[in-house]
1. So, in Å, what gap is there between the alpha-carbon centers of segment 404-432 and segment 109-175?
2. Taking neighbour counts of Cβ atoms within 10 Å as a proxy for exposure, in what order, fewest first, do Leu110, Leu180 appear?
3. What list of ³J(HN,Hα) values in whole Hz, one per residue of segment 125-135 in order, does the Karplus curve 6.51 cos²θ - 1.76 cosθ + 1.60 (θ = phi - 60°) give from phi, with Gly and Pro shown as x?
4. Tell me, how many Å apart are the Cα centres for segment 31-85 and for segment 204-269?
5. Estimate the FRET efficiency between Asp130 and Ala198 by the formula 1/(1 + (r/R0)^6), using the beta-carbon distance for r and 30 Å for R0, to the nearest 0.05.
6. Just want the ordering: Ser247, Ser212, from fewest to most Cβ atoms lying within 10 Å of their own Cβ.
7. Per-residue HN-Hα couplings for segment 63-76, Karplus 6.51 cos²θ - 1.76 cosθ + 1.60 at θ = phi - 60°, whole Hz, x for Gly and Pro?
8. For Arg284, what residues show an amide H to amide H distance below 5 Å, using hydrogens built from the backbone and excluding near sequence neighbours?
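FYI, it's all coordinate maths here, none of it is from the lab. It should be emphasised that the depicted structure is a prediction, and the values quoted were computed from it without experimental measurement. With ideal geometry, Cβ positions are generated from the backbone for all residues, glycine too; neighbour counts draw on all protein chains shown.
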Amino acid sequence: MIDQQNTESSANNPVFAEYEARKKRLEDAIQLKKPDRVPIAPLIAIFYPTRIKGISNKDNMFNQAETFKAWIEAAVQHNWDTALPPMGFQPVKLWELLQITQMKWPGGQLEDNTPFQWVEGEYAAREEYDEMLSNPNSFAVKKFWPRIAKALTPISDMIQMEPPPPMLYFSSAYSLPTFLGEMTSLPEIRQVLKTLLAVADEYAAFKEGLASYVTDAKNQGFPLVFGPQTITAIDWVADVFRGLRGSMLDMYRAPDKLKALVDEFIPYTIAAPMLMDTPFECKRVFIPMHWGAAGFMSDKQFAEFYWPSFKALIIGLVDAGYTPVPLFEGDYTPRLKYLAELPAGKVAGHFDHIDRKKAKEMIGDTMCFWGNVPSTLLCTGTPQQVEDDVKELIDIFGDNGGLIIDCNMGIPDEAKPENVQAMTDAVMKYGIY
């Protein structure tokens, strides 16, 4: 009886009703059904909401509460249909504690208003493929973690002692306390343990902030644009381990080992969202697509090295009840023939650069089209130019309802607020069915 009363109370709440309407609008568009109108849903907007509030990029990354508050205010101001993804807030304090080397951030190695930056590099050598394949966990702890998190170097140094200590030798009531005592009392290991406790405290606060943001957004009537995220196995290998130069050379010099490592990671890329979706109440999974665009590799290379792990990821997520949201960075016009093979009405493709008419022709009955108002228009154009571009998108894709309006890469940091608002105004003018 109490549950029924709560349901009725929620149903009569105008904020709850708006939340449900926005949620249904987005889901209908993704499923290629006609919603009441075209949704407007920025996939990402890292620094724009705080920049228009006069908050520096440094403060954006170090002050979680103020950042999330600005994000909700931006959604209200521009009447978006979703709240921005909480995973867009980067845990910079954790980076500091672990002495992360793969990232640079404002207030750290960069000026206060510089965006954070990924540090490209070959963090694993081609000669280490066999080691990664034979014992990935050992390789991670012994070699890889210290390369990307300097604070963990003492653990690696201790593990790699020669000859390695046989752990069973220290497994008795006599020897185990002494062994653990000797190990943990070393000054450098003590420091690692202190760091890990600080990481635990920071991460607990980080998770609490994420949960509060999700609740606050819902209480304002905004569902999340996406919740968990993952990445294709080929992008993981190329981004994290081998880098652009290394992975491109591997396609010629070590193709079989590259494919073998990619295959090794496919199950984990599918499982990753299942480990992080609980606080989000959202089954849409963000997938940034880094190396598959035309310009990074040929069509033949795409078919051989990129498409298999991407298709496996999409099918795996759909089968598990998730909605994949791949962000197709770069030009994906030559890849449309592949995308047409994906399950219809199950994927929301967010496009950067694409031939719109070809996309409508080749995947219009397969995939919701999300995007792709040029970021240049939002930064340097006029409201009228933005309106004209949104109208063109609606004219091309709006007939079957499979359209969500956004900029091509989410809202850019330097976007003019009047141009961001023009996207919403154009949707309200031309996108009501």
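1. Here the two parts' Cα centres lie 44 Å apart.
2. Least to most surrounded, the residues fall as Leu180, Leu110.
3. Once θ is set to phi - 60°, the couplings for segment 125-135 become 7, 4, 5, 9, 3, 4, 5, 5, 6, 6, 8 Hz.
4. 21
5. Details: r = 36 Å, r/R0 = 1.19.
Taking R0 as 30 Å, the efficiency between Asp130 and Ala198 is 0.25.
6. Working: Ser247 24, Ser212 15.
Lowest to highest Cβ neighbour count: Ser212, Ser247.
7. For segment 63-76, the Karplus curve yields 10, 4, 5, 5, 5, 5, 4, 5, 5, 5, 4, 5, 4, 5 Hz.
8. So Arg284 has HN proximity to Gly227, Thr323.
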